[in-house]
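Undergrad: Next up is a structure, given as structure tokens.
None of the figures in this text is laboratory data; all of them are computed from the coordinates on show. In this text, all values refer to a predicted model and were calculated from it rather than measured experimentally. Cβ: placed from backbone, ideal geometry, glycine included. Neighbour counts: every protein chain shown.
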Amino acid sequence: MIVYDDYIPVPEIFWSFETGKPISHCSLCHRELMEPGTNYVIEKAFQDGETLFEHAICLQCHFQCLENLSEESTRRIRSYFAENVDLEHRPAQLLEKFGTRHERWLGHCMVKGYPPEECGEYQIYGFCIDQDLIFNGAPYMISGEAVDEILGLLSSETLGALGDISDRLFGIGSPKDLLVF
């Protein structure tokens, strides 16, 4: 079991905009996320400061979602991030520079460098264990521009799979800019 030293209680930016409380259940399988040792990811999308959508997915469901990505899409996504972000050194650099001040980690698009105010639309991601946000490469923010570039790399097979996941999470009329990584 990996033990993390760099964590804080899940900050309000990752809480549910509907309840004003931490998201307590997996949006897919409804597993209790606040159980000790439960790993999960949170994704929230914003446009002009308003929440467009949010979800939390337990790690088991997250890995099942990742399995729906085609090999081609997975390769393209990895290549995109390798070209645009130093994923290997980013966590240590940000911890050294900002510590666990999550606002600083989310203060700019990890790909484009834009602050949220200049993005219009953006998404934030966090990795959590029960009631804590873990600083392990996440949290991070991605601008709508970067999301669009990533979506443009995906195969039709992967786009269909992400559409199916989005429909399961949000129902008909669901957001189509869902990214699961």
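Undergrad: Can you tally the net charge around residue 55? Count Lys and Arg as +1, Asp and Glu as -1, for every other residue whose Cβ sits under 9 Å from the Cβ of residue 55.
TA: -1
Undergrad: Now a separate question. If I take every Cα pair under 8 Å that is 6 or more residues apart in the chain, average their sequence separation and divide by the length, what percent do I get for the relative contact order?
TA: Relative contact order of the chain: 27 percent.
Undergrad: In the Gaussian network model of the chain, springs joining C-alpha atoms below 10 Å, which of 143, 27, 156 carries the largest mean-square fluctuation?
TA: 156
Undergrad: What is the local net charge at residue 118, summed over the other residues whose Cβ is closer than 12 Å to its Cβ (Lys, Arg +1; Asp, Glu -1)?
TA: Counting the neighbours of residue 118, the net charge comes to -3.
Undergrad: Turning to a different aspect of this structure: In what sequence do 44, 21 fall when counting other Cβ within 10 Å, fewest first?
TA: Lowest count first: 21, 44.
Undergrad: Then there's this: Restricting to lysine pairs 8 or more places apart or on different chains, what number in the chain have Cα atoms under 22 Å apart?
TA: Pairs that pass both the separation and distance tests number 5.
Undergrad: Hey, how many Å between the Cα centroid of the stretch 53-91 and the Cα centroid of the stretch 9-35?
TA: Their Cα centres are 21 Å away from one another.
Undergrad: Let me ask something else about it. Return the sequence-ordered ³J(HN,Hα) values of the stretch 76-87 in whole Hz as given by the Karplus equation 6.51 cos²θ - 1.76 cosθ + 1.60 applied to θ = phi - 60°, using x for Gly and Pro.
TA: With coefficients 6.51, -1.76 and 1.60, one gets 5, 5, 4, 5, 4, 5, 4, 6, 10, 9, 8, 5 Hz.
Undergrad: Going out from 0 in 5 Å bins, what whole percent of all Cα-Cα distances in the stretch 7-170 drops into each bin?
TA: Over the stretch 7-170, the share of Cα pairs per 5 Å bin runs 2, 9, 16, 21, 23, 19, 10, 2 percent.
Undergrad: So, one more: For residue 109, what residues show an amide H to amide H distance below 5 Å, using hydrogens built from the backbone and excluding near sequence neighbours?
TA: Those qualifying (amide H under 5 Å, at least 5 residues apart or on another chain) are 114.
Undergrad: Among 109, 93, 70, which residue has its Cα furthest toward the positive end of the charge dipole of the chain, with +1 on Lys/Arg Cβ and -1 on Asp/Glu Cβ?
TA: 93
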